[in-house]
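> Have a look at this one before I ask anything.
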Number of protein chains: 2
Amino acid sequence: MFNFAPRNAKMNQSAEEKIKHAALRVFIQKGSANCTSREIAREAGMNVALVNYYFRSKSKLFALIFESVMQDFLKSMVQVFSSDLPIREKIRILIEREFEFLGQHPEIPNFVLNELARNPEAIDGFIPVLNMVNESGVFDEARKLQERGDMRQMDIVQITLLIMSNCQYPFMAQPLMKVIHGVSNETYKEHLTAHKTHAVNMVLGYLFPNDQL
Amino acid sequence: MFNFAPRNAKMNQSAEEKIKHAALRVFIQKGSANCTSREIAREAGMNVALVNYYFRSKSKLFALIFESVMQDFLKSMVQVFSSDLPIREKIRILIEREFEFLGQHPEIPNFVLNELARNPEAIDGFIPVLNMVNESGVFDEARKLQERGDMRQMDIVQITLLIMSNCQYPFMAQPLMKVIHGVSNETYKEHLTAHKTHAVNMVLGYLFPNDQL
DNA sequence: ACAAATATTAAACACTTGTTTAAAACAGAT
DNA sequence: ATCTGTTTTAAACAAGTGTTTAATATTTGT
């Protein structure tokens, strides 16, 4: 996950790699605008000038990082739907993988949605990933299933929304929920694993209303 | 909505008011960290120094704005649950109001969740609103209903998540969905109104599995 | 070992940041 | 008109911003 390939391979980790990893951490935690080049350099244990030596500018570095995050963000969705499992299994596995991924990277949905909403340039570093999704045929297949009457009739956009809402929001809302309900980190994590089951059952139950319980 | 009371009432709108409204717009659009005092002043058509003359500091101004946004953000939830409608109606009306509110303020969920995740000080300006929620007895009542076996047994935290996920995420994800599915602003708005019905039916169907269709 | 290429550094650049200051414009009361 | 307190402004402040430069260290090929 987030495994940048080394270009000038040294024994351990090249400076370029260190900066990329530091940038990933800092950008995700603070956002593209609310962090400094010096902060990234410090996190990587290097000089500020090196950041621009390897990546030309802060915005170029950000575009690089953002694209790789988007890759991971959408990868599992594409992978699962490109498989040849029956549709119900696809959705179940998709949701379960999403919960697993977000359990390890809970800040990513907020990072992505926030950048897309507030930093229009972020969309540039996003176009390549866009093709990945389209070329996967994910949506075409869902449409086919609907034509066979196998699934509740609703627009693909809204099916996407249904799934992603119930996967991503619980992780995005963690700080809000913790303070509203006054729960600790640990108990919220337990709520999240329990919520996975609810998400699967509710979404499947709604998309396939004719299934027996 | 977001109606700041004037303190030194002039004929039109006092400078203090103008700054508050400008700050509201700028903070919500850019976030607390990614905007400048001068930007707020310019948006209000006033001098930079006036911002600090009335509000002491940028962070004090932000705390003020953030608290008022949180008020509106949670108000409808508290209002609906404080009423004496049957539980199903409460949830239905809550979701519908939420969609209506977010239709007019679609940037607010992203604003709130992002600040809570990245700006720890934001929580300070949040505590008063917290009491509002607790004192409303919202959660106590939900628990009572569950004890009567009226509702699917699941933790209040997860019921909250279920409802808020399906209301807020569709608005937060608008930029992502637009670029993934290549739809325009107008068609996405249509998707949102259609999604309201799905959210109501899905959530009610899952929380009350014994209801007839 | 030496020279060329690459990597790294400290320092500087011009610019923006939040905040303060001191002076000016304005209001209302006498 | 004069005084009084309030509101508004332009200018300045130190600190921090992204980026560049020119010098130094390190690696690489011979």
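The values are calculated or read from the model by the stated rules, or taken from the named source; none is laboratory data. Just so it is clear, the model here is predicted, and its values are computed rather than measured. Neighbour counts are summed over all protein chains in view; Cβ atoms, including those assigned to glycine, are modelled from backbone coordinates with ideal geometry. Surface areas here come from the heavy atoms of the whole protein model, side chains and all, with no ligands, DNA or RNA. Shrake-Rupley method; radii C 1.70, N 1.55, O 1.52, S 1.80 Å.
> I'd like the accessible area for B:Asp140: 1.4 Å probe, protein heavy atoms, all chains in place, Å² to the nearest 10.
Only protein atoms counted, so the area is about 90 Å².
> Leaving ligands and nucleic acids out of the surface, order A:Arg42, A:Arg143 by accessible area at 1.4 Å, largest first. Before the final figure, lay out the partial values.
Working: A:Arg42 165, A:Arg143 110 Å².
The ordering from most to least exposed comes out as A:Arg42, A:Arg143.
> What are the aspartates and glutamates whose alpha-carbon lies under 16 Å from the alpha-carbon of A:Lys144, with same-chain residues fewer than 8 places away excluded?
By straight Cα distance, A:Lys144 reaches A:Asp84, A:Glu135, A:Asp155.
> List, shortest first and in nm to one decimal, how far the label point of A:Asn52 (7 Å from Cα along Cα→Cβ) is from its counterparts in the other copies.
2.8
> Sticking with this one: To the nearest 10 degrees, how steep is helix A:58-82 against the longest Cα principal axis of chain A, on a 0 to 90 scale?
It works out to around 30 degrees.
> Taking beta carbons within 10 Å but only from partner chains, what does the mean come to for residues B:150-162? Please report the intermediate quantities before stating the final value.
Numbers: counts 0, 0, 2, 0, 5, 8, 2, 13, 9, 1, 7, 11, 8.
Taking all residues of B:150-162 together, the mean is 5.
> Report the extension gain between A:Glu39 and A:Glu89 in nm, rounded to one decimal, defined as 0.36 nm multiplied by the number of residues separating them, less their alpha carbon distance. Kindly include the intermediate steps, with their values, before the conclusion.
Working: separation 50, 0.36 × 50 = 18.00 nm, distance 4.40 nm.
Between A:Glu39 and A:Glu89, full extension yields an extra 13.6 nm.
> Report the relative contact order of chain B, percent, no decimals, based on alpha-carbon pairs under 8 angstrom and at least 6 residues apart. Provide the component values of the computation, followed by the final result.
Numbers: 157 pairs, mean separation 42.3, N = 213.
Taking the mean separation of contacting Cα pairs over the length of chain B, I get 20 percent.
> What accessible surface, in Å², does a 1.4 Å probe find on A:Glu89, ignoring ligands, DNA and RNA and rounding to the nearest 10?
70 Å²
> As a test question: what accessible area, to the nearest 10 Å², does A:Ile93 have when a 1.4 Å probe is rolled over all protein chains in place?
50 Å²
> Shortest first and in nm with one decimal, please list how far the B:Ile123 label point sits from its counterparts in the other copies (point 7 Å along Cα→Cβ).
3.5
> Compare A:Arg97, A:Arg38, B:Arg118 by solvent-accessible area with a 1.4 Å probe and give them largest first, with all protein chains kept in place.
On the way: A:Arg97 100, A:Arg38 155, B:Arg118 45 Å².
In descending accessible area the options line up as A:Arg38, A:Arg97, B:Arg118.
> A further question on this structure: Put a point 7 Å out from Cα along the line to Cβ at A:Arg143; what are the distances to that point in the other copies, in nm, shortest first?
From this label point to the equivalent ones elsewhere in the assembly: 5.0 nm.
> In whole Hz, with x marking every Gly and Pro, tabulate ³J(HN,Hα) for region A:28-43 from phi via Karplus 6.51 cos²θ - 1.76 cosθ + 1.60, θ = phi - 60°.
Values per residue, Gly and Pro as x: 5, 6, 10, x, 5, 8, 9, 8, 10, 4, 5, 5, 4, 4, 4, 4 Hz.
> Which value, in debye to the nearest 20, describes the size of the charge dipole of the protein assembly as shown about its Cα centre when Lys and Arg Cβ atoms bear +1, Asp and Glu Cβ atoms bear -1, and nothing else is charged? Working shown, then result.
Values: 48 positive and 48 negative charges, 265 e Å.
In debye, rounded to 20, the protein assembly as shown gives about 1280.
> Still on this structure: Taking the Cα centre of chain A as origin, sum charge times position over the Cβ atoms of Lys and Arg (+1) and Asp and Glu (-1), and report the length of that vector in debye to the nearest 20.
My answer is approximately 680 debye.
> Determine one quarter of the surface area of the Cα convex hull of region A:8-56, which equals its mean projected area, and express it in nm² to one decimal. Intermediate values should be presented prior to the final figure.
Working: hull surface 13.1 nm².
For the Cα atoms of region A:8-56, the hull's average projected area reads 3.3 nm².
> For every helix of n ≥ 4 consecutive DSSP H residues, a contribution of -39,500 (n - 2.57) applies; sum these over the protein assembly as shown, divide by its total residues, and give [θ] at 222 nm rounded to the nearest 500 deg cm²/dmol.
Working: 22 runs with 306 residues, N = 426.
Calculated at 222 nm, the ellipticity per residue is -23000 deg cm²/dmol.
> If you take the charge dipole of region A:87-174 about its Cα centre, with +1 on Lys and Arg Cβ and -1 on Asp and Glu Cβ, which of A:Ser136, A:Gln153, A:Asn110 is farthest toward its positive end?
After comparing all options, I get A:Gln153.
> Could you sort A:Leu161, A:Leu50 by accessible area so the largest value comes first, with the probe set to 1.4 Å?
Details: A:Leu161 0, A:Leu50 50 Å².
Result of the area sort, largest leading: A:Leu50, A:Leu161.
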